[in-house]
Amino acid sequence: MVERLTETERAARLPALGETGWGAVQGRDAIRKILKFRNFSEAWGFMNRVALLAEKMNHHPEWQNTYNVVDVTLSTHDCHGLSALDVDMAAKIDSFAGSATVQTDHSLPVLSLCQIRAG
Ligand code: H2B
């Protein structure tokens, strides 16, 4: 059974993800990143790589695509919050992002997830 990240693990792992543009989702123990690619083809190529990773990890993103924008939210449904699977996946997603730019205007600081709360 996968467990939610402890406060110590959050303090160790979330700041680096905040630096690359991951944010917190309002009202959820989840992280979100919005990536903008040059065109649909690049966005779809990225999504293909993430999809193969998701199958390999048996861990699946919540995501939306509109033309060249991919909006990704990561959380672990089995434990109702952030687990190591999410932060591992986020780092791998970053490695697939190539020249995508990041939209951060939507997000809350990822550090707001460093204290565990219910839900
Ligand atoms: N993805 C995510 N994001 N969270 C999960 O808890 C999860 C998953 N669980 N992918 C997996 C599949 C589970 O439903 C299957 C039955 O193993």
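Quick rundown of the values:
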item: The stretch 40-73: chymotrypsin sites (Phe, Trp or Tyr not before Pro) in DSSP loop, at most 14 other beta carbons within 10 Å; result: Tyr67
item: Over the stretch 70-119: Rg over Rh, Cα atoms, Kirkwood Rh; result: 0.98
item: Long-range Cα-Cα pairs in the stretch 7-106 (distance over 16 Å), rounded percent; result: 53 percent
item: Hits among aspartates and glutamates - C-alpha to C-alpha of Lys56 under 18 Å, sequence gap 8 or more where chains match; result: Asp78, Asp86, Asp88, Asp94
item: Sparse-neighbourhood loop sites, trypsin sites (Lys or Arg not before Pro) in the stretch 29-119 - DSSP loop, at most 15 other Cβ within 10 angstrom; result: Arg38, Arg117
item: Nearest 10 degrees, 0 to 90: helix 40-57 Cα axis against the chain principal axis; result: 40 degrees
item: Solvent exposure of the chain as accessible area per residue, Å², 1.4 Å probe; result: 55 Å²
item: Formal net charge of residues neighbouring Asp88 (Cβ-Cβ distance under 13 Å; K, R +1; D, E -1); result: 0
item: Computed [θ] at 222 nm, helices only, for the chain once each DSSP H run of length n ≥ 4 contributes -39500 (n - 2.57); result: -12000 deg cm²/dmol
item: Of Asn48, Phe37, Ala24, farthest towards positive along the dipole that unit charges on Lys, Arg, Asp, Glu beta carbons give the stretch 14-57; result: Phe37
item: Carbon and sulfur %, accessible surface of the chain computed with the full protein complex present, 1.4 Å; result: 53 percent
item: Spin-label pair Tyr67/Ala11, simplified geometry with 7 Å Cα→Cβ offset, distance in nm; result: 4.5 nm
item: For the chain, built as a Gaussian network whose Cα springs stay under 10 Å, the top-fluctuating residue of Thr104, Thr66, Thr76; result: Thr66
item: Among Leu52, Leu85, Leu17, residue whose mean-square fluctuation peaks in a GNM of the chain (springs only between Cα atoms under 10 Å); result: Leu52
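The values are calculated or read from the model by the stated rules, or taken from the named source; none is laboratory data. On a predicted model such as this, the values are computed, not experimentally measured, just so you know. Positions of Cβ are generated from backbone atoms using ideal geometry, with glycine treated the same way; all protein chains shown enter the neighbour counts. To get the accessible areas, we keep the full protein, side chains included, count just its heavy atoms, and leave off ligands, DNA and RNA. Shrake-Rupley method; radii C 1.70, N 1.55, O 1.52, S 1.80 Å.
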